[in-house]
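The values are calculated or read from the model by the stated rules, or taken from the named source; none is laboratory data. In this text, all values refer to a predicted model and were calculated from it rather than measured experimentally. A quick note on method: Cβ atoms are made from the backbone with ideal geometry, for glycine too, and the neighbour counts reach across all protein chains shown.
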């Protein structure tokens, strides 16, 4: 429990957190603008801001990132995690899955199995003394996909509405849903004992949460549609939406022992069916990216670069990190590419699907954060995830453009020139 004196000390030094928040927002926005101009995900810009600001920690007797300040920033970053997953749910278009059908499901399932299996294998080879849940979670981190850079590239090439483009977008949607479910199950099972009754209890709680979400989803959508008719585009819609997000996140963790981000994602998924879901998403994104998300992404390198744990990084973990990056890249290419071949896509189109699905960004970081919070994975893995994100963000558009080098029509060439 906090003593009255400790509480007083915390409030008396509250102003100290204002300087790092201001620096994070300022530097983050600068790098976001740069990334937008060179057509890279803004997530990369926010991560780079954290890398730059982490150098402040090398200054002797620095006060910007003191232990008290770091605690406050961590609190704000956790809200950012919840909001990021809420937005991911809001942006999920289940109708897109229906339009592409079976191929997207095959591509997604194999695109989850291969990187997860390879991640598990690499962890098992490097760390035989840790629990099976740790091995599984390292694999789970690699299941996440972020196709924002892929979509931007395909749009630039005039191929977004092609068979490859539609498959990638649809598969990415299913990928997020599967990844969040797997994450929740592993976190829940890892915290239970090994006897059958506890494991059965976790499974029943997981099923119970999704049944609860389905039933509450009907009620929430009914209420929101009633509000939409009477007050379209009213400010109360995004405010009530954030309330639903936080309540679902709380219930998921407190009642069903499911990760809070799963509750936030499901809340977004429920509201994605609304007529004004784009308006709600835009407002939620503004609330998130004005403060919480930049802090979350910046805190990853600030926490992990030049820290005591990174200074004690041993050779075995460095080897694991390098292998982790390699299997993270090839796992998606092989798995999703094989899914394309099974779906009777050409070899070249299957390769393109694999390339498009290998990019990583925010969901990958969110998954790793939950694993660190649950003491399932080593916090040093964040350093290698950042490298994985940077590599895939730079390589994916280059390889995709090269794969279409001889297939761009004159009309598409004109489009490319106008975009550049």
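For residues that are over 20 Å from the mean Cα position of the chain (by Cα) and assigned to a helix (DSSP H, G or I), tally how many sit in the range 119-132.
Just the residues of the range 119-132 that are over 20 Å from the mean Cα position of the chain (by Cα), to begin with: 121-132.
Still in the running and assigned to a helix (DSSP H, G or I): 121-126, 132.
Within the range 119-132, residues that are over 20 Å from the mean Cα position of the chain (by Cα) and assigned to a helix (DSSP H, G or I) number 7.
Taking the condition of being surrounded by 22 or more Cβ atoms within 10 Å (Cβ to Cβ), modelled with pLDDT of 75 or more and either more than 20 Å from the chain's Cα centre (by Cα) or more than 12 Å from residue 176 (Cα to Cα) (or both), how many residues in the range 138-152 meet it?
3
Among the residues here, residue 206 does not qualify as under 18 Å from the mean Cα position of the chain (by Cα) and either assigned to a helix (DSSP H, G or I) or under 19 Å from residue 364 (Cα atoms) (or both). Quick one: in the range 333-353, which of the residues that are surrounded by 20 or more Cβ atoms within 10 Å (Cβ to Cβ) and free of Cβ contacts under 8 Å to residues at least 24 places away in the same chain is farthest from residue 160 (Cα to Cα)? Among them, the one singled out is 337. Listed here are the helices (runs of 4 or more DSSP H) enclosed by the range 14-95 that have at least 3 residues being under 18 Å from the mean Cα position of the chain (by Cα), under 20 Å from residue 286 (Cα atoms) and touching a residue at least 60 places away in the same chain (Cβ under 8 Å): 42-54, 67-90.
Among the residues of the range 93-102, is there at least one that is at pLDDT below 90 and crowded, with 17+ Cβ neighbours inside 10 Å? Yes: one or more hits. When you scan the range 310-326, do you find a residue that is without any contact (Cβ under 8 Å) to a residue 24 or more places away in the chain and surrounded by 24 or more Cβ atoms within 10 Å (Cβ to Cβ), even just one? The answer is no, given that none of the residues of the range 310-326 is without any contact (Cβ under 8 Å) to a residue 24 or more places away in the chain and surrounded by 24 or more Cβ atoms within 10 Å (Cβ to Cβ).
None of 359, 368 is crowded, with 23+ Cβ neighbours inside 10 Å and assigned to a helix (DSSP H, G or I) except 368. Do we find that residue 127 is at pLDDT 95 or above and either within 17 Å of residue 335 (Cβ to Cβ) or surrounded by fewer than 24 Cβ atoms within 10 Å (Cβ to Cβ) (or both) in this structure? Spelling it out, it is not the case that residue 127 is at pLDDT 95 or above and either within 17 Å of residue 335 (Cβ to Cβ) or surrounded by fewer than 24 Cβ atoms within 10 Å (Cβ to Cβ) (or both). Residue selection: residue 223 fails the criterion of being at pLDDT 90 or above and under 24 Å from the mean Cα position of the chain (by Cα).
Matching residues to (1) more than 16 Å from residue 87 (Cα to Cα); (2) touching a helix residue (DSSP H, G or I) at 6+ places or on another chain (Cβ under 9 Å):
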position	(1), (2)
173	no, yes
191	yes, yes
204	yes, no
215	yes, no
229	yes, no
233	yes, yes
237	no, yes
250	yes, yes
256	yes, yes
